[in-house]
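Student: Before I ask anything, here is the structure I am working with.
Since every read-out is calculated from the coordinates, none of them should be taken as a lab result. Keep in mind that this is a model prediction, so the values were computed, not measured. Backbone-built Cβ (ideal geometry, glycine too); neighbour counts: all protein chains shown.
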Amino acid sequence: MVTIRSGTAADCAAIADIYRHYVEHTVATFDYVAPTVETWTTKLASIRSAARPFLVAVDDDLERTVLGFAYLGAFREKQAYAWTTEDTIYLRPDAGGRGIGSALLGALLAAAEPHNVRQIIAVIAATGGEASVALHAKHGFVEVGRTPAVGFKFGQWVDCIYMQRALP
C-alpha cells in the first residue's frame, strides 16, 4: 500500500537519490549536477515556511521506502508572482505506472492553500515528457505555451511545454 504524507528532513536522502537519477540520465530536469541532501533539506524548509506542500509517497510494504515526491515551489522570485507556484513531481524509476504520480499531484492540489496559491504552472521537457503532459491534463491543467530549444542537455536542445491550472 502507498501512503502520501508530508515530507520530512529524514526523507531528503531518498529524495536526493530519486532526483539524481533524473539529473544524470534524463532531460526531465535541466540540472547538470544533482543537489545534495543538505540542499534538499533547505528546500524542504523553504517550501514549508512558505506554507506550501512538500509531499512524499511511501510504500508501506517496503519498510516505508520513499517512492516519489512532489512540491509546490516558487514560479518566479518577483513579488507579483507570489501566488503562482510551479509544481515538481518525481518518482523512483521503478515506481512508474502505478498511479503514484497521479496520487501525488492530486494530494498537492488538495493541500494547496488558496490564500497563497492561485495558479500552478507545470514546466515539462517536451522530449520524453508525454507521461507528465498526460498526468497534468488528467488533473485539469491546460497547455498555455511552448518554448522551443530553451534547454541544452546531453548534446540536444530541448523544448519546454507550459501547462497551467487555477485553484478554485
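Student: If you plug each phi of the stretch 23-28 into the Karplus form 6.51 cos²θ - 1.76 cosθ + 1.60 with θ = phi - 60°, what whole-Hz ³J(HN,Hα) values come out, in order, with x for Gly and Pro?
Tutor: 5, 7, 10, 9, 9, 4
Student: Net charge near residue 137: determine it from the other residues with C-beta under 15 Å of the C-beta of residue 137, scoring Lys and Arg +1 and Asp and Glu -1.
Tutor: Neighbour charge sum, excluding residue 137 itself: 0.
Student: Given the C-alpha centroids of the stretch 96-168 and the stretch 4-80, what is the distance between them in whole angstrom?
Tutor: Using only Cα atoms, the two centres lie 15 Å from each other.
Student: Simple spin-label model, 7 Å along Cα-to-Cβ: residue 5 to residue 17 in nm?
Tutor: If labels sit at residue 5 and residue 17, their model points lie 1.7 nm apart.
Student: For every helix of n ≥ 4 consecutive DSSP H residues, a contribution of -39,500 (n - 2.57) applies; sum these over the chain, divide by its total residues, and give [θ] at 222 nm rounded to the nearest 500 deg cm²/dmol.
Tutor: -9000 deg cm²/dmol
Student: Oh, and also: Once Lys and Arg get +1 and Asp and Glu get -1 on their Cβ, which of 96, 4, 49 lies farthest toward the positive end of the dipole of the chain?
Tutor: Of the candidates, 49 comes out farthest on the positive side.
Student: Ordered by packing density, taken as the mean number of other Cβ atoms within 10 Å over each peptide's residues, highest first, how do 43-53, 149-159 rank?
Tutor: 43-53, 149-159
Student: Is the stretch 91-168 best put as rounded, prolate or oblate by its Cα gyration tensor, with a ≥ b ≥ c the root eigenvalues, rounded for a/c under 1.5, and otherwise prolate when a/b is larger than b/c, oblate when not?
Tutor: Values: a/c = 2.36, a/b = 1.34, b/c = 1.77.
Verdict is oblate for the stretch 91-168.
Student: Also, quick follow-up: Given a Förster distance of 30 angstrom, what is the FRET efficiency for residue 82 paired with residue 147, based on the Cβ-Cβ distance and rounded to 0.05?
Tutor: Here the calculated transfer efficiency is 0.85.
Student: If you don't mind, another one. Provide the descending list of Cα extents for the stretch 2-166 along its principal axes, expressed in whole angstroms.
Tutor: Extents along the principal axes: 42, 40, 30 Å.
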